[in-house]
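Colleague: Attaching a single structure in structure tokens format; questions to follow.
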Amino acid sequence: TSQKHRDFVAEPMGDKPVTALSGIGEALGKKLEEQGFDKAFVVLGQFLLLRKDRELFAEWLKDASGANARQAGA
Amino acid sequence: TSQKHRDFVAEPMGDKPVTALSGIGEALGKKLEEQGFDKAFVVLGQFLLLRKDRELFAEWLKDASGANARQAGA
Amino acid sequence: MATLSSKSNQELSQLLDEYGIKHGPVVGSTRSLYEKKLRDAMA
């Protein structure tokens, strides 16, 4: 998990699609893309804007994509 | 400059104050802090949300903190 | 609650502080989350 987290935060300069994020499958990816979160680095931006608060981020992710608690946690 | 940029995008896990960003002095830092952008990583979040578009980011920085073009560019 | 959506980002931020809701800057992409949390807190 910490490796996944390391990959996630090393993303600013990457260009991976949002579906590259663990826990984000096609369906969730599609919903996020529709709201402009098509790249992993945009989702990282949101995480940073939420002050890296995992709870806030999970709550946002659930609202934005309908992810369940487990997916949001991933 | 590229070094500054590398430092900036390596910031997700840092905890530096916003004033650590080149071009952001005390006065600008204070304005950004008032809007919740107290840490460099939060400003990075905004940069990523603006899809790493430097022009958009400079425009946002000017609006948010009154930075002039040179400061925003830095 | 119509009144929340008509508030400025700054006003929302102050309300979040008043209700003790931890938050980052209120910007386009985070605003709807914070409005929802404020509605819950006010309910």
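Rule-based calculations on the coordinates, nothing more; no lab input. Please read these numbers as outputs of a predicted model, since none were measured by experiment. Here Cβ is always computed from backbone atoms with ideal geometry, including for glycine, and neighbour counts include all displayed protein chains.
Colleague: For B:LYS31, which lysines qualify as cross-link partners when the Cα separation must be under 24 Å and same-chain residues fewer than eight apart are set aside?
Modeller: Cα-Cα hits under 24 Å: A:LYS52, B:LYS4, B:LYS16, B:LYS39, B:LYS52, B:LYS62, C:LYS7, C:LYS22.
Colleague: How far is B:ASP15 from the same spot in each other copy, in nm, shortest first, if each label point sits 7 Å from Cα toward Cβ?
Modeller: 3.5
Colleague: Next up: Tell me, what does the Kirkwood hydrodynamic radius of the stretch A:20-70 come to in angstroms if you use every pair of distinct C-alpha atoms?
Modeller: Kirkwood hydrodynamic radius for the stretch A:20-70: 10.8 Å.
Colleague: Would you work out the charge dipole size for chain C about its Cα centre, treating the Cβ of every Lys and Arg as +1 and the Cβ of every Asp and Glu as -1, and quote it to the nearest 20 debye?
Modeller: In debye, rounded to 20, chain C gives about 140.
Colleague: What shape does chain C take by its C-alpha gyration tensor, where a ≥ b ≥ c are the square roots of the eigenvalues and a/c under 1.5 counts as rounded, a/b above b/c as prolate, and the rest as oblate?
Modeller: rounded
Colleague: Near the amide H of B:LYS39, under 5 Å away, which other amide H atoms are found, from residues 5 or more places off or on another chain, if H is placed in the peptide plane?
Modeller: Those qualifying (amide H under 5 Å, at least 5 residues apart or on another chain) are B:VAL18.
Colleague: Next question. Can you find, among C:GLN14, C:THR3, C:LEU33, the residue sitting farthest towards the positive end of the charge dipole of chain C, where Lys and Arg contribute +1 and Asp and Glu -1 at Cβ?
Modeller: C:LEU33
Colleague: Of all the residues in chain B, which one has the C-beta that comes nearest the axis relating B to A, and what is the distance in Å?
Modeller: Smallest Cβ distance to the axis, with its residue: B:GLY45, 2.
Colleague: Per the helix-only calculation at 222 nm, which mean residue ellipticity applies to chain C, given -39500 (n - 2.57) for every DSSP H run of n ≥ 4 and division by its residues, nearest 500 deg cm²/dmol?
Modeller: Mean residue ellipticity, 222 nm, calculated: -19500 deg cm²/dmol.
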